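Chemist: Below is the structure I would like to discuss, written out as structure tokens.
The values are calculated or read from the model by the stated rules, or taken from the named source; none is laboratory data. Values in this document were obtained by computation on a predicted structure and should not be read as measured data. Note: ideal-geometry Cβ built from the backbone for every residue, glycine included; neighbour counts use all protein chains shown.
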Amino acid sequence: MVVNIKGDEPPETSTVVNVETGGLTRRFRRAHAVAGVDLRIGPGVFGLLGPNGAGKTTLLRVLATVLPPTSGSMRLLGRTPADQAGRREIRRRLGYLPQTLGYYANFTVFEFVEYFALLKEVPADRAQKAVARAIERVRLDDRARAKLRTLSGGMLRRVGIAQAIVNDPELLLLDEPTAGLDPEQRVEFRSLLREIGERSTVIVSTHLVEDIGAACARVALMLDGRIVFEGTPGELTSRGTGFEIGDAPLERGYAAVLAKARA
Amino acid sequence: MHDHASDPARGLDCTACRRDLETTPIDVDLSGIWTGVMSQVWAGRPGRTELVARRVLRSAGLARALVTTPSLLLSWLVASVVVLAAGVVVSLSIDTPLIPLLAPGLAGAGIAYAYGPGTDPAYEIARTMPISDRMVLLVRALAVFGLNALLGIVASVAAPMAGGVALAWLVPMTAVSALALAAATVSGSANVGVTLGLAGWCIAVLGGRITGGHMDTAASSQQLVLPYLIFAACCVGIVLRASRFPNHRRQRWS
């Protein structure tokens, strides 16, 4: 959301929508992994919560253009991915971290991130500097020349994040990005998310409600392929008032919305 | 950084360079300069093959994708050379041409392992790249086929048949490679591609032995050239259909 104020005129609000879906579905045989999702998301960090099997990963894969939807409409960064030119333009401005990061064990951190910088068509003369910057942003400077097979799970997760942000994406899709990160790294990562979210759209799928509370401006809760709640973390918290399940206010809100949706 | 611009790592130890950094005006983006220096320290130089590929393909990304092809790695090439060398030795000792039988099978296996889920570890991320995975598949498959054809030709020259060097096996090699590629692409499994490619080739060889009386009938018969080419074209059509996006009529964008 961008708000422009010109002198004494009332605030003029122009909304940038980077993700727009209508009735989006994705079916695997008879199972509806995504069952009619309507979203309008602008710049900022958007959290996607939900229990296992809710459809979060499938929704992210569709938004990442890995999977085509079974039906429904979708516009990303103002383009439709249905045609090849639109898809290519979207992918140039997209960053994606899948739930499971596949990697080349013999590549160094730098080589791995550089590989995707080149595949994302970052110009060759700028690619190396972009790679170094991405590696610095995820605090892997001291391991830039280390082989990937020598890294811990948390470090590999940060390598995955580095490849996702190497092209300064306008749409960043992260599936369980904090899995394997220690508490200190998670705090740093949330700070990175907020920084990227100042000008880009970041969609984070996670199980950890504290990540949502700390980093996200808006949050959606998925259940059985549908969005059953969308609002701010504060609004989600308020749904948990008087609900007893959950240790933290946001957890109680999460549990309360899920219980109501299931009922 | 004086004459250390080409070697930033040395520049970091150079007194003059460090003094320059200390006296640099504060409005200079030191962080950006540092990142630039570190990028040169960390980056490796692309190999000759990759540099040539960049020129030919006119894409640095596609060139990097090509040189990371699993079935073009050194270990795979060594294995292919060993198999063909053994084929040459045995062919010479028993006076029976084995290279026309081995080369198509090797090429089929190599192509099945060129690209795809389960073969390429970063396949999921690669599918979100502006350089389409179909283009990566095409470039890798052509490179693997070309290299295997070259190795097979060298082996054929080393073990010529009675009538001289015959290269008729290049046609069945095309068909076996196309079958392996189609099976791997449709099933999403390199193992399925190899299995079907080799099984198809074994059936063709045994069928040729029964009908033609020779082990190499399937590799050398002129009558089979057209059927092989039609079969290969059908397989390529299947690959193109399976690798398009969206890949199913019901999966539509609107």
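Chemist: As an exercise: evaluate A:Leu171 against (1) within 12 Å of chain B (Cβ to nearest Cβ); (2) in contact with a Phe, Trp or Tyr (Cβ under 8 Å, 6 or more places away or on another chain) and give the number of the one condition it does not meet.
Modeler: Here A:Leu171 meets the rest and fails (2).
Chemist: Just checking, does the range A:210-231 include any residue being β-branched (Val, Ile, Thr), touching a residue at least 40 places away in the same chain (Cβ under 8 Å) and under 22 Å from A:Gly154 (Cα atoms)?
Modeler: The answer is yes, given that some residue of the range A:210-231 is β-branched (Val, Ile, Thr), touching a residue at least 40 places away in the same chain (Cβ under 8 Å) and under 22 Å from A:Gly154 (Cα atoms).
Chemist: Oh, and also: Tell me, yes or no, whether the range B:72-83 has at least one residue that is at pLDDT 90 or above and of a type in the set (Ser, Thr, Tyr).
Modeler: Within the range B:72-83, one or more residues are at pLDDT 90 or above and of a type in the set (Ser, Thr, Tyr).
Chemist: Where residues in the range A:97-110 are assigned to a loop (DSSP other than H, G, I, E, B) and either modelled with pLDDT of 95 or more or at the interface with chain B (Cβ under 7 Å from one of its Cβ atoms) (or both), which of them is farthest from the chain's Cα centre (by Cα)?
Modeler: Within the range A:97-110, the match that is farthest from the chain's Cα centre (by Cα) is A:Tyr104.
Chemist: Still on this structure, please answer the following. Here's a check for you: in the range A:45-72, which residue that is within 13 Å of chain B (Cβ to nearest Cβ) and over 18 Å from B:Arg127 (Cβ atoms) is surrounded by the fewest Cβ atoms within 10 Å (Cβ to Cβ)?
Modeler: A:Ser71
Chemist: Sticking with this one: Enumerate the pairs (first residue in the range A:116-133 and within 7 Å of another protein chain (Cβ to nearest Cβ) and closer than 15 Å to A:Arg93 by Cα; second residue anywhere and surrounded by fewer than 24 Cβ atoms within 10 Å (Cβ to Cβ) and β-branched (Val, Ile, Thr)) with beta-carbon separation below 6 Å, excluding pairs fewer than 6 apart on the same chain, so at least 6 apart or on different chains.
Modeler: Matching pairs, first to second residue: A:Leu119/B:Ile131.
Chemist: Six or more apart or on different chains, Cβ under 6 Å: which pairs go from a residue in the range A:79-105 that's free of Cβ contacts under 8 Å to residues at least 24 places away in the same chain to one that's of a type in the set (Gly, Ala, Ser)? Could you list them?
Modeler: Between residues of the range A:79-105 that are free of Cβ contacts under 8 Å to residues at least 24 places away in the same chain and residues that are of a type in the set (Gly, Ala, Ser), the close pairs are A:Arg79/A:Gly86; A:Thr80/A:Gly86; A:Gly102/B:Ala122.
Chemist: Test A:Val113 against the stated conditions and say whether it is farther than 23 Å from A:Ile41 by Cα and modelled with pLDDT of 95 or more.
Modeler: yes
Chemist: Is it true that B:Leu138 is under 25 Å from A:Tyr104 (Cα atoms), surrounded by 15 or more Cβ atoms within 10 Å (Cβ to Cβ), assigned by TED's automatic domain parsing to the domain that holds B:Leu229 and out of contact with any helix residue (DSSP H, G or I) (no Cβ under 8 Å at 6 or more places or on another chain)?
Modeler: Yes, satisfied.
Chemist: Would you mind listing the strands (runs of 3 or more DSSP E) fully within the range A:167-232 where at least 3 residues are in contact with a Leu (Cβ under 9 Å, 6 or more places away or on another chain) and β-branched (Val, Ile, Thr)?
Modeler: Passing ranges, in order: A:201-205.
Chemist: Let me ask something additional. Of everything in the range A:16-30, what is under 23 Å from A:Asp211 (Cα atoms) and either not assigned by TED's automatic domain parsing to the domain that holds A:Thr70 or not in a strand (DSSP E or B) (or both)? Give them in sequence order.
Modeler: Selection gives A:Asn18 alone.
Chemist: A follow-up question, please. Checking B:Pro160 against (1) more than 20 Å from the chain's Cα centre (by Cα); (2) in contact (Cβ under 8 Å) with a residue 60 or more places away in the chain: exactly one of these is not met. Which one?
Modeler: Of everything listed in (1) more than 20 Å from the chain's Cα centre (by Cα); (2) in contact (Cβ under 8 Å) with a residue 60 or more places away in the chain, B:Pro160 misses just condition (2).
Chemist: Continuing with this model, one more query. Is it true that A:Arg75 is in a strand (DSSP E or B) and within 13 Å of another protein chain (Cβ to nearest Cβ)?
Modeler: Spelling it out, A:Arg75 is indeed in a strand (DSSP E or B) and within 13 Å of another protein chain (Cβ to nearest Cβ).
Chemist: Please indicate, with yes or no, whether at least one residue in the range A:31-44 is buried (at least 24 other Cβ atoms within 10 Å of the Cβ), within 14 Å of chain B (Cβ to nearest Cβ), part of a strand (DSSP E or B) and on the phi < 0 side of the Ramachandran plot.
Modeler: yes
Chemist: Kindly indicate the residue of the range A:79-96 that is more than 8 Å from every other protein chain (Cβ to nearest Cβ) and in contact with a helix residue (DSSP H, G or I) (Cβ under 6 Å, 6 or more places away or on another chain) and also nearest to A:Leu174 (Cα to Cα) among those meeting that condition.
Modeler: A:Gly95
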